[in-house]
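The values are calculated or read from the model by the stated rules, or taken from the named source; none is laboratory data. These numbers come from a predicted model, not from an experiment. Here the Cβ positions follow ideal geometry from the backbone for every residue, glycine too, while neighbour counts run over all protein chains shown. The protein model used for the area step is the full one, side chains on, heavy atoms only, and it has no ligands, DNA or RNA in it. Shrake-Rupley method; radii C 1.70, N 1.55, O 1.52, S 1.80 Å.
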Amino acid sequence: QVQLVESGGRLLQGGGSLRLSCAASGRTFSSYAMGWFRQAPGKEREFVAAISGSGSSTYYAESVKGRFTISRDNAKNTVYLQMNSLKPEDTAVYYCAADRRTYGLTYLTRDYDYWGQGTQVTVSS
């Protein structure tokens, strides 16, 4: 059983910055790759970023490269998503997810085993 709780989402203006956090339970957090996904109303859930268990490898959706940074602190069982230069199209519910067993990093929703409840990010024009 792994429980994930996202926090940090809020309303802000375009061009602003925000850091999301995802706190995880479990004994073996460092063995899980972690990902961030987002879902806007009426749209499919889409991949945002992923990070390996050690934090040494990262992977980003093209739409957020250069603007978002995923990181983790295994001592705190927490993964972060630093979001800069936010745009209205970044508006969505953001979810973190844990991948127990996929070799390497993945963008596929089906490869993630545990999900948080989501946190709302709203970027105004």
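Figures for the structure shown
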| read-out | value |
| --- | --- |
| Failed item, numbered, when ASP90 is tested on (1) under 16 Å from THR119 (Cα atoms); (2) open to solvent by 60 Å² or more (accessible area, probe 1.4 Å); (3) among the acidic types (Asp, Glu) | (2) |
| Region 15-39, subset surrounded by 14 or more Cβ atoms within 10 Å (Cβ to Cβ) and assigned to a loop (DSSP other than H, G, I, E, B), residue modelled with the lowest pLDDT | GLY26 |
| Residue list for region 49-62, filter: out of contact with any helix residue (DSSP H, G or I) (no Cβ under 6 Å at 6 or more places or on another chain) and touching a residue at least 12 places away in the same chain (Cβ under 8 Å) | ALA49, ALA50, ILE51, SER52, SER54, GLY55, SER57, THR58, TYR59, TYR60, ALA61 |
| Residue list for region 45-73, filter: assigned to a strand (DSSP E or B) and not aliphatic (A, V, I, L, M) | GLU46, PHE47, THR58, TYR59, TYR60, PHE68, THR69, SER71, ARG72, ASP73 |
| Candidate set: region 1-14, residues that are assigned to a loop (DSSP other than H, G, I, E, B) and among the polar types (S, T, N, Q); chosen: the one surrounded by the most Cβ atoms within 10 Å (Cβ to Cβ) | GLN3 |
| Matching residues, region 75-87, being closer than 18 Å to SER31 by Cα and surrounded by 15 or more Cβ atoms within 10 Å (Cβ to Cβ) | ASN77, THR78, VAL79, TYR80 |
| Condition check for LEU81: of a type in the set (A, V, I, L, M, F, W, C) and in contact with a Gly (Cβ under 8 Å, 6 or more places away or on another chain) | no |
| First in region 6-19 and closer than 11 Å to LEU86 by Cα and of a type outside the set (Gly, Ala, Ser), second anywhere and open to solvent by 60 Å² or more (accessible area, probe 1.4 Å) and not in a strand (DSSP E or B), Cβ under 9 Å, 6 or more apart | GLN13/SER125; LEU18/ARG10 |
| Hits in region 104-114 (condition: outside any loop (DSSP other than H, G, I, E, B) and either crowded, with 18+ Cβ neighbours inside 10 Å or free of Cβ contacts under 8 Å to residues at least 24 places away in the same chain (or both)) | ARG110, ASP111, TYR114 |
| Of the criteria (1) over 14 Å from SER31 (Cα atoms); (2) open to solvent by 30 Å² or more (accessible area, probe 1.4 Å); (3) of a type outside the set (A, V, I, L, M), which one ARG101 fails | (1) |
| Cross-chain or 6+ apart pairs with Cβ under 9 Å, region 65-81 first and within 13 Å of CYS96 (Cα to Cα), then open to solvent by 50 Å² or more (accessible area, probe 1.4 Å) and assigned to a loop (DSSP other than H, G, I, E, B) | ARG72/SER54 |
| Answer residue from region 84-103, given it is in a strand (DSSP E or B) and over 30 Å from GLY15 (Cβ atoms) and is nearest to the chain's Cα centre (by Cα) among those | ALA98 |
